[in-house]
Amino acid sequence: MPSNDYQKSQRKLKIACYLAGGLLLAAILAAYLLPAAYQYPDASRQSVRAQREFGTIRQIPCDDPLTVGLTVSQTIYPATGGSARPNAVVLVPDDDWRTAAAAARLSALPVDAPVIPIPSAPLPELVLREIRRLNPLGILRDAGAQVLLCGDLPSGVQRTLQDEGFRFRWLKASSPEELAEKIDHYLSILLGDHRSETVIVPVDDPQLAATGAFWAARRGQPILFSHQDSLPEATKRALDLRPRGAFIYVMAPAGAIGPDAIRDLANFGHVQRIPGEDAAELAASFAMYSDSGDQLRWWLDAIPRDMGWAASGPGLSPVFADEESPLQAMVSAALAHRGNAGPLLWLRQGNLPEPTQRLLRQLQPQATSHLVSRFNRGWVIGGPDQVPEQLTNQLVRLLRKREDENE
Amino acid sequence: MMRVKTAARIILYGLIVVLLATPFYLTYDHVMCMRRSASGDYAEDAVPLTAHTTRLSGDNITDLSLQAVRVRYAHSGAVPGLVVAPAADPLAALYALRLTAPPVGAGLVLLDADEEPSKEVLAEMKQLSPRGIGQRRKQIILVGEFSQQIRTKLARRFRIRCVDSSGPPLALAVDELVSELNSTVNDERVILVSSEDSRYALPLATWLSRTADHVYPIDSNGPSKDVVSRLQSLQKQLGDKKLNIYLASPLHIAGTAVVEELGKIGQITRVAGRNPEQHALAMARYYDRGTHFGWYSENTPHKDHVHLVGNPEYPEHLIASAQVFSDIWAGPTLLTQSEAICPSVETYLWSIRPSWTDSSAGAPFNYTWIAGGEAIISWPLQARIDYINTAGPYLTQTSRASSGLESLLLLWMTASWLGGVWTWCHSTMRRRTVGQVKRLAWVTAVLTTGPLGLLGYYLSYRGERPLVAADSSSRTPLTQAVAGAVVVVGVTSALMIVTRLVIKGGGAALLMTTGSIFWLGNPGIWSLMVGYAVAAAVVIFVLDPSMDSSISYSKDLGARWPVTLSMVTSAALAFSLAVWLLEYLYLSWPPVVGRTAWWGSASIGAAFALLTTYPLSLYWAAALPQYDRF
């Protein structure tokens, strides 16, 4: 016969367990029921950037890099809540495409940020308003930094950000090669490891660099610079930090990065050159390029290697930009991260270069059942002065189903 | 000795409070996160276009419909013709939508049936320069009832043709015209829509603009005589084949009697939902392999899912926008309220969220067209749809807002919490002779290691009588090893978790360390190392020394520290390794400190540490006679 004390303690135990269970259940239920019952509040806003919609093409009709950067930022980050806000905003000088190319990879995770080019004058009010609108969440592993300043920016920017109460980090170096190294270093610390896949772009060719930057914005792979005949010391140092070697993808024809530089690169890992004799051809071939496999890592952290847009059929979301405006193309690279856009394809003086045209014809969707349909949908960067309406219409037709061509 | 005891109690109480508060904090955080995402803490100048959505809107419905026509034909400028329907008559507009399907491909313009179109609207229509449809090259086809003034005004500028209900019912009149112009219409299938509640007809908008299928009205009394005779004539044309009649009306509009009546004519299939939103989802999910009717959305994961989202209270906006789906795009219509996305629609969208495994390059992309201005579908709702449409990696893919991994972790953490509470109650009420520090240590261990810790507690005290002094019990080395491993791992993990929380609270900065030790600059990594140091110090100097006053503290410390340090190191290494693997390699982005995924990685880390620490504990239990402390 159990004692009274024993029975009492058993009863208390049961009551305590029931109470605890009930409390926890109530908490879990509240977590799931409360948000569902919540109504979105009314919101009144105004559109600041007019975009043109053509069905299969959306045009960002802006002629200067700053406006393109702001429009892209506003397009990919609605900023209505946590998931629609970036972790940070990247500010780069609007007269330095090399900094923009190196910083493009900051758009990808884990930083997750739009890139906005700013003039050397004080920080424009438009940019400040955009940062306020975005109200970045802060980079988790960097004391919640909300703004990353890259390259040579006026010191007034720092003061303005301080006055506004934004947390920021300034990544600056004496040369673009060193800045690319510094950004790589920063992200390696953030990720706890160096990325094996490395994109090498020529330091003197903005179009080729933009093609690489677009991919870097999608997957966060490092962009490092090379001279035509030699490898800068900063690039060597960055590559040397990959203890098990790197997969090096050279985004340039032999005329831009020569055999001597390739030989230097081969000391640091496996080198592959993306085919193409000029920017348009290289961009088109990179759109179909794919290299996947194992990383040069220990088995435990051997996440798969992933390089190239691997376009082999419809389902393409290219971004078209004019060859004369590479900086605009670079700052729109954030579309590749949040907007699921890419690859970058070039337009030349209001015309569609042959390689781009060939690629689009090859990947044009055909009339199929709605059960398997894949669509092409692209972006055009630049106003009617850069991309004439006739060219836009041609792009719309090339992205539509093949049967529509006879309309 | 008393001071050490007090310190041990304070530390353990602190750990328990933090661990017990976790689910409540997570709940609060989850709710606040959802509220923040809904509360629109955004400035006034965001654009209404997002990366995965486009909104079709205008000053009024005519403006919107003209905008939709422009989107369709902007590239060619060659509009085959225009079909004009009254904005106030959704069914007439829906019938007219059949003429937008290829090969006719007319543009749909909705006008006010009583008010003459403005000069601007006429100019806009003229600018579209419709080429003319059919043999008589009619530029405009008026579908529905329009005033004579409107007809006259349009006839002055365009070659027009009128289709109204002056003869046969409008649906049949349009049917005749479609048959005349479009030879590709599938005569094997017919759709019946509710004429009493047009909201239930709306989900067919994108389907009709693509296929021009036969569509006829039905009310609670069934179809009209004209419709019945039309159905019979279609069945007659088919001969032995059965006419497939899809009843797109819920039971409360077309009951079983209607179905029985129609069953005499053809094969009846009801595709319907309880309310307009569910009704639209039913159409999105449905597919008939025989006739290829329906979108079959949820079962086609490797395609691009495109949707038109509208508000059932504004049918005209939805129908005018649906024409975009006539040739460029293909996908179902979804319905939702203006301010909040319906839970069922959100669940559906999550279920078809595009994903990728190794490379994001080939991932499908989902796209949504929003029908109407922000009063019809709000901006936060559009942003929410945009977010769900964004492609994500398969591993962290979800069918709702939290991933499968997170759901599993929530269950694990619930079990840990309940286990901790139960251990507290059990050790307090049933095992009163257990020392307080030992009791608190067990509670901490169960809270951290979850069901595994609970199992350890059960194994450690199995077979003991409740009121016998537990401290004096003698266990086998196997049981001693279990108790030692669970408590050391539990307390070490708890201390590391809390240390990381404190460091995060202080704003952990990234240090630009150079060279081969670059990784030390990562706050996630250095906080783990600081956590290890704290755990080693606390366990060695405070928790592990015997609380028995007859034993010298320093002597005991001197004898025990190698054992304790090795155990804590083993636990901390395994914990750190598991956390590093999860947070840095396998999760697509770092989990926010304090959120579910972060706690989950810590729980998995603690469980992993148990596996590695137990063999060491077993070794010490076998080697040392005085090993048993917990």
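The values are calculated or read from the model by the stated rules, or taken from the named source; none is laboratory data. What you are looking at is a predicted structure, and each value in this text was computed from that prediction instead of being measured. Note: ideal-geometry Cβ built from the backbone for every residue, glycine included; neighbour counts use all protein chains shown. The protein model used for the area step is the full one, side chains on, heavy atoms only, and it has no ligands, DNA or RNA in it. Shrake-Rupley method; radii C 1.70, N 1.55, O 1.52, S 1.80 Å.
If the reach is capped at under 18 angstrom between alpha carbons, list the lysines near residue A:172, excluding any in the same chain fewer than eight residues apart.
A:182
First compute the accessible area of the stretch B:83-143 with a 1.4 Å probe, then give the percent of it belonging to carbon and sulfur atoms.
46 percent
Please state the Cα pair-distance histogram of chain B with 20 angstrom bins from zero: what percent is in each bin?
Computed distribution, short to long bins: 17, 34, 21, 19, 8, 0.
What angle do you read, to the nearest 10 degrees and between 0 and 90, between the alpha-carbon axis of helix B:451-461 and the longest principal axis of chain B?
Approximately 30 degrees, to the nearest 10.
Place a point 7 Å from the Cα of residue B:415 along the Cα-to-Cβ direction; which residues of the stretch B:441-461 have their backbone N under 20 Å from it?
B:442-461
Skip the ligands, DNA and RNA, and give the accessible area per residue of the stretch A:78-172 with a 1.4 Å probe, whole Å².
Using a 1.4 Å probe on heavy atoms only, each residue of the stretch A:78-172 averages 30 Å².
So which residues in the stretch B:315-343 end up with at least 20 square angstrom less accessible surface once the other protein chains are there, compared with the chain by itself, probe 1.4 angstrom?
Listed in order, they are B:327, B:328, B:329, B:330, B:339, B:340.
On a 0 to 90 degree scale, rounded to 10, what angle separates helix B:436-449 from the longest Cα axis of chain B?
Approximately 30 degrees, to the nearest ten.
Determine how large the accessible area of residue B:314 is when every protein chain is in place; take a 1.4 Å probe and give Å² rounded to the nearest 10.
80 Å²
If a/c stays under 1.5 just call it rounded; otherwise compare a/b with b/c (prolate if a/b is bigger, oblate if not). Do that for the stretch B:53-396, with a ≥ b ≥ c from the square roots of the Cα gyration tensor eigenvalues.
Oblate, because a/c is 1.5 or more while a/b does not exceed b/c.
At a probe size of 1.4 Å, how large is the accessible area of residue B:97, to the nearest 10 Å²?
Near enough 0 Å² of accessible area.
What is the local net charge at residue A:251, summed over the other residues whose Cβ is closer than 11 Å to its Cβ (Lys, Arg +1; Asp, Glu -1)?
Residues close to residue A:251 contribute a combined charge of 0.
Could you look at the stretch A:78-172 and say what percent of its accessible area is carbon and sulfur, using a 1.4 Å probe and all protein chains?
Summing carbon and sulfur atoms, their accessible area is 45 percent of the total for the stretch A:78-172.
How large is Rg/Rh for chain A, to two decimals, with Cα atoms and a Kirkwood Rh?
In chain A, Rg relative to Rh is 1.09.
Can you give me the Cα centroid spacing of the stretch B:522-561 and the stretch B:163-242 in angstrom?
Cα centroid to Cα centroid, the span is 81 Å.
List the residues of the stretch A:328-370 whose accessible area drops by at least 30 Å² when all protein chains are present, compared with their chain alone, using a 1.4 Å probe and counting only protein heavy atoms.
Buried by the other chains: A:338, A:340, A:370.
Taking N as the number of residues in the stretch A:78-172, what value does Rg over Cα atoms divided by 2.2 N^0.38 Å take?
0.98
Nearest 5 is fine: what % of DSSP beta bridges in the protein assembly as shown come out antiparallel, could you say?
Percentage antiparallel, nearest 5: 15.
For the pairs A:401/B:119; A:401/B:126; B:438/B:555; B:138/B:241; B:241/B:264; B:5/B:555, flag any whose C-alpha to C-alpha distance is greater than 25 Å.
Those over the limit are A:401/B:119; A:401/B:126; B:138/B:241.
Consider a paramagnetic label point 7 Å from the Cα of residue B:164 along Cα→Cβ; state which residues of the stretch B:114-151 have an amide N under 12 Å from it.
Hits in the stretch B:114-151 for residue B:164 at 12 Å: B:114, B:142-151.
Out of all DSSP beta bridges with both ends in chain B, state the antiparallel percent to the nearest 5.
Around 10 percent of the beta bridges assigned by DSSP in chain B are antiparallel ones.
For the full complex of protein chains and a 1.4 angstrom probe, list B:302, B:279, B:292, A:227 by accessible area with the highest value first.
Greatest to least solvent exposure: B:302, B:292, A:227, B:279.
Taking a ≥ b ≥ c as the square roots of the eigenvalues of the Cα gyration tensor of the protein assembly as shown, is the shape rounded (a/c under 1.5), prolate (a/b larger than b/c) or oblate?
Taking the square roots of the gyration eigenvalues as a ≥ b ≥ c, the protein assembly as shown is oblate.
For residue B:432, what accessible surface area do you get with a 1.4 Å probe? Give it in Å², rounded to 10.
Rounded to the nearest 10, the figure is 130 Å².
Accessible area lost on pairing A with B, both sides, 1.4 Å probe, Å² to nearest 100?
9200 Å²
Once the Cα atoms of helix B:148-157 and of chain B are each reduced to a long axis, what angle between those two axes, in degrees from 0 to 90 to the nearest 10, is obtained?
So the inclination is approximately 90 degrees.
³J(HN,Hα) across the stretch B:300-313 via Karplus (A = 6.51, B = -1.76, C = 1.60, θ = phi - 60°), whole Hz, x for Gly/Pro?
10, x, 9, 10, 7, 8, 10, 10, 10, 10, x, 9, x, 7
Give me the one-decimal nm value for the distance between modelled label points at residue B:13 and residue B:351, 7 Å along each residue's Cα-to-Cβ direction.
5.1 nm
Order the following by accessible area, largest value first: B:219, A:306. Probe radius 1.4 Å; ligands, DNA and RNA are ignored.
B:219, A:306
Just want to confirm a number: the relative contact order over the stretch A:193-305, from Cα pairs under 8 angstrom separated by 6+ residues, in percent.
In percent, rounded to a whole number, it is 26.
In what order, largest first, do A:194, B:317 sit by accessible area if the probe radius is 1.4 Å?
Result, largest first: B:317, A:194.
Under 5 Å between amide H atoms, partner at least 5 residues away or on a different chain: which partners does residue B:307 have, H built in plane at 1.01 Å?
B:367, B:368, B:369
Mind running the shape call on the stretch A:193-305? Use the C-alpha gyration tensor, a ≥ b ≥ c as the square roots of the eigenvalues: rounded below 1.5 for a/c, prolate if a/b tops b/c, oblate otherwise.
Judged from the Cα gyration tensor, the stretch A:193-305 comes out oblate (a/c at least 1.5, b/c at or above a/b).
Non-local amide H neighbours of residue B:108 (under 5 Å, H modeled in plane, Pro and chain starts lacking H): which ones?
B:83
Give me a comma-separated list of calculated 3J(HN,Hα) values for the stretch B:69-77, in order, Karplus coefficients 6.51, -1.76, 1.60 applied at θ = phi - 60°, integers in Hz, x for any Gly or Pro.
For the stretch B:69-77, the Karplus-derived couplings read 4, 4, 4, 5, 10, 4, 6, 10, x Hz, x marking Gly and Pro.
Accessible area per residue of chain B at 1.4 Å probe, in Å²?
Heavy-atom accessible area per residue stands at 38 Å².
Counting DSSP beta bridges with both partners in the stretch B:227-382, what percentage is antiparallel, nearest 5?
10 percent
Can you list the residues, at least 5 places off or on another chain, whose amide H is less than 5 Å from the amide H of residue A:305, using H built in the peptide plane?
Residues meeting the amide H criterion: A:293, A:294, A:295.
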